[in-house]
1. Roughly speaking, to the nearest percent, how much of the chain's 1.4 Å accessible area is carbon and sulfur?
2. When the C-alpha atoms of segment 79-163 are aligned to their principal axes, what extent does each axis show, in angstrom, from largest down?
3. With just the Cα atoms of the chain, tell me how far they stretch along each of the three principal axes, in Å, largest first.
4. Comparing Y163, Y97, Y63, which has the greatest mean-square fluctuation in the GNM of the chain with Cα pairs linked when under 10 Å apart?
5. Could you tell me the accessible area of D66 in Å² (1.4 Å probe, neighbours in place), rounded to the nearest ten?
6. Ratio of Rg to Rh for segment 5-106, alpha carbon only, Kirkwood?
7. Taking a probe of 1.4 Å, how large is the accessible area per residue of the chain, in Å²?
8. Taking Cα centroids, how far is segment 85-134 from segment 26-80 in Å?
Amino acid sequence: MFDIFHQYILQKTAGKASLSSKERKMIQLAFIQKKLRKKQYFLQEGDVLKHHGFVCKGCLRMYRRDAKGQEFISQFAIENWWIGDRESITSGKASKYNIDALEESDILLITKDELEALSKKIPAIQTLVQTVQENNVIATQNRIHAAISFSAEEKYLDFLQTYPDLFQRLPQQMIASYLGITRETLSRIRKQAVPFK
């Protein structure tokens, strides 16, 4: 798992940073390796999240349920993506979200304090954290814009273009939930839409 994470660091820092053997050891000591079975929870509503999760293999989703039990998916995470409830991990408050594995998954876990400590000691981690935070802000802005201004067809086409690998790995119902449309609407759009080239 750590080889995957080390490659991810080099990719995200655009080759501007390298890792010494001492720094690689520090990273390995700070992270915990965890395997999740399909449908196993990483976080359940009401619990306080203690660790950021980095996905080495597999697919996870973050979602909430309404009073009727309907799911609203806010995030997916596949290989080389982070997942976690930032509000819970930052504030120590109980999470309003569930996070579970859609596939058998291998993840690396790190506490907020450990990540901050690594950022101070290892320049590559500091650059990585800054890059990931910037990318998250941009992704959140784009998601909000799509949610409030795109038609159902535009949401579908945007999802296809932004996450082509995800589309093949997820059930239609989950994609519809993430897009904020019904499964029937998604089926109709898929039949009518012209895919991006």
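The values are calculated or read from the model by the stated rules, or taken from the named source; none is laboratory data. Note that the structure is predicted; figures quoted are calculated from it, not measured. For neighbour counting, all protein chains shown are included, and Cβ atoms are generated from backbone atoms with ideal geometry for every residue, glycine included. Please note that ligands, DNA and RNA were not included when accessible areas were found on the heavy atoms of the full protein model with its side chains. Shrake-Rupley method; radii C 1.70, N 1.55, O 1.52, S 1.80 Å.
1. The C+S portion of the solvent-accessible surface of the chain is 49 percent.
2. That gives 46, 27, 27 Å along the principal axes, largest extent first.
3. Sorted largest first, the three principal extents are 55, 40, 28 Å.
4. Comparing Y163, Y97, Y63 in the GNM, the peak value goes to Y163.
5. 60 Å²
6. 1.03
7. 59 Å²
8. One Cα centre to the other: 11 Å.
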